[in-house]
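Single-structure report; data block below.
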Amino acid sequence: MSGLRGREAVRLVARRELTQKLREKSFLISMGVTTLIIVLVAVLPPLLGAGGPKEYTLGATDGESAEIARAAAKVPGFDVEVEVERLSPAEASAAIDDGRVDAVLSGGELRSKEEPDDELVGIVQAASSQVRQAQALRAAGLEGAELQRALNPPPVKVTTVEPVDPERDRKGAFAFVAVLALYTQLLTFGYLLASGVVEEKASRVVEVLLSTIRPKDLLVGKIIGLGLLGFGQLFVMTAIGLLAAALSGALEVNGEILGAAALAVGWFVLGYTFYAGLFACAGALVPRQEELQSSMTPLTMLILVSFFVSFIVLDDPDGTLAHVTSFIPFSAPITMPPRIALGEAPAYEILIAIAVTLISALALIPLAGRIYSGAVLRTGSAIKLRDAWRATARAESRA
Amino acid sequence: MRIILGVLERDAGEVRWRGEPVDLATRARFGYMPEERGLYPKMRVRDQLAYFASLHGLSAAEAGAAADLWLERLGLTERAGDRVETLSLGNQQRVQLGVALVHGPELLVLDEPFSGLDPVGVDVLSGVLGGLAAEGVPVLFSSHQLELVERLCESVAIVKDGRLVASGRVEDLRSQGARAVTVRVAVQAVGDEWLARVPGAEVVDRGPDGVLVALNDGAGPEAVLDAARGAGTVTHFALERPTLSELFRQAVAA
């Protein structure tokens, strides 16, 4: 029987983290609930009819209005379905109030309860001018084929330089879910790690541990154990989510989506590696769980800011902000995956972003390890970062 | 103790075990119980023991067997599957001891192991420590309960302000005390004014069993006894060696 090699100690610590968390009821319950939410998000929209053409019911109180309403249903260029309901002027107000119709057209006026959708207004305006023009042209004596030609000029053809992705909207939804999942997962596992460090410190068990193993091995073991758990959890949830989305028809799961999903899970590993050491330090610096929140604030703020930036990125995945934040290690894990999911990140940018994040994570770990080692055995009050740094410097100079 | 176990940096000096400087591998063969007890509150008792056994280098199977063995020896078998936080403080203390012992250490270092124990707990712990010492495992512990130390220990060291002020075998220390001879003597219904007639006698302590007299300048116990007889009926007369508590007071006051 002799001392453990560092690797073996890391393995034992990691295994304990993993098995203890997996036996915690609260952890299993929260994972179950999250999975359920993901399945609902993937399954519900198509079941509720979201994503198909928009449907409007238009009331009409006179003949001309009814003609306009019928014409509105045929206006080209809009993905809408219009149902026309003939109402007496007396019924109109009640129909608007109880929501039976979205709007009522009467004598050249469109009335609705709240401000109507732009699309609805657009097709009604177009239909109205079409009908009025037809009347005017007929009055001017135009008939037959000539009238038809005048009323139906060839539509303006829309072309784009870049090919239009018919799946764009669905990919956007997928990218949004990916951002949400990464943000939640990074915050959750950062917090789990930090509070695990505090637990050991507050319960003083860390002193027994460190009489046998090195602080560095304990830290790395904890990071790896929880990291594997976070990775596994995200992997399982992604698989279930994609399966549910595929079965419900919400998303066409093809190679491109699978690749983006795999990269998103991979980005969790990168982001976690970057943030884990920092969260562990935040835990090592405070004596009690109650003080953890404040020492983690700078880190949670970084993640939160990245999260908000990612909304801008979702909107404009090729913008300046999207490009810049993809290469900043603390934001890249949250802002890069949506760009990848939307197909807006060239391969070389992905590689550079991965390299930048990975290198800075690897550079950060020894620094974090030093602060952790200097702080974790000091009990009593909160410790200043500088003191933790120096404590280890003294220890090393003597060793 | 914390320096021995490497959780505190030394200012000076060196820690050696069997002639070799102590490193991580050596420390893995030590058992340690810190003054501030530390266990994972949410971990189950058996898991905890097995985990610490494997951290000390035991294989998974060995660690499990060692955990079971110590659960039985410490009377915790029924609580094996309970979370540590649900145990009474006394039982938590036993688990803590188990953590220090589970890997069969070469040396046991215990910081205030008896603090917070009830008399039964003290007996159990004394028995375990005595057994280990008999098996040849050195047990080093700190305590402020000096009667207990006197009863259990072969050697003691008294430390004051980080300096060793006295050390050695308990027997030697007691017989080498500054006052080589003290006698406790009681004379019925009389005070201790008669002692003034004995040259070199000095009252150290007055108690229900009589006065404790230190004999200086070559004065002999016989002279005290003779003077006492002269004063009245002697109800108690005994040679007394200093207790550890007295030695401690002396050493610390010096």
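No lab work stands behind these numbers, since they all come straight from the coordinates. It should be emphasised that the depicted structure is a prediction, and the values quoted were computed from it without experimental measurement. In this analysis, Cβ positions are derived from the backbone assuming ideal geometry, glycine residues included, and neighbour counts consider all displayed protein chains.
Straight-line cross-link reach from residue A:157 at under 19 Å between alpha-carbon atoms covers these aspartates and glutamates, not counting any fewer than eight positions away in the same chain: A:79, A:165.
Other residues with beta-carbon under 10 Å from the beta-carbon of residue A:9 carry, at +1 per Lys or Arg and -1 per Asp or Glu, a net charge of +3.
Here B:120, A:324, B:84 are placed in order of increasing Cβ neighbour count within 10 Å, fewest first, which gives B:120, A:324, B:84. Taking a ≥ b ≥ c as the square roots of the Cα gyration tensor eigenvalues, segment B:12-127 comes out oblate, since a/c reaches at least 1.5 and a/b does not exceed b/c. Considering only C-alpha atoms, what is the centroid distance from segment A:114-163 to segment B:74-104, in Å? Going from one Cα centre to the other spans 85 Å.
The phi-based Karplus calculation (6.51 cos²θ - 1.76 cosθ + 1.60; θ = phi - 60°) puts the 3J(HN,Hα) values of segment A:54-65 at 6, 10, 10, 10, 10, x, 9, 9, 9, x, 5, 4 Hz, whole numbers, x for Gly and Pro.
Note on segment A:165-225: dipole from Cβ charges, positive end direction compared against A:174, A:195, A:209; the farthest Cα belongs to A:209. When peptides B:105-118, A:171-184, A:330-343 are ranked by their average number of other Cβ atoms within 10 Å per residue, the highest-first order is A:330-343, A:171-184, B:105-118. By the count of other C-beta atoms within 10 Å, a proxy for reagent exposure, A:281, B:153 are ordered fewest to most as B:153, A:281. The overall shape of segment A:116-163 is oblate: from the C-alpha gyration tensor, with semi-axes ordered a ≥ b ≥ c, the ratio a/c is 1.5 or greater and a/b is no larger than b/c.
Placing pseudo-labels 7 Å out from each Cα toward the beta carbon at residue A:308 and residue A:247 gives an inter-label distance of 3.9 nm. Residues whose amide H falls under 5 Å from that of residue B:201, counting only those 5 or more places apart or on a different chain, are B:216, with hydrogens built in the peptide plane.
Restricting attention to chain A, close to 25% of DSSP beta bridges with both partner residues there are antiparallel.
In this entry, the protein assembly as shown is assigned a mean projected area of 47.4 nm², taken as a quarter of its C-alpha convex hull surface.
Counting only other chain Cβ atoms within 10 Å of each residue's Cβ, the peptide B:93-104 averages 1. On a C-alpha basis, how far is the centre of segment A:50-89 from the centre of segment A:210-256 in Å? Whole number, if you could? So the separation of the two Cα centres works out to 49 Å.
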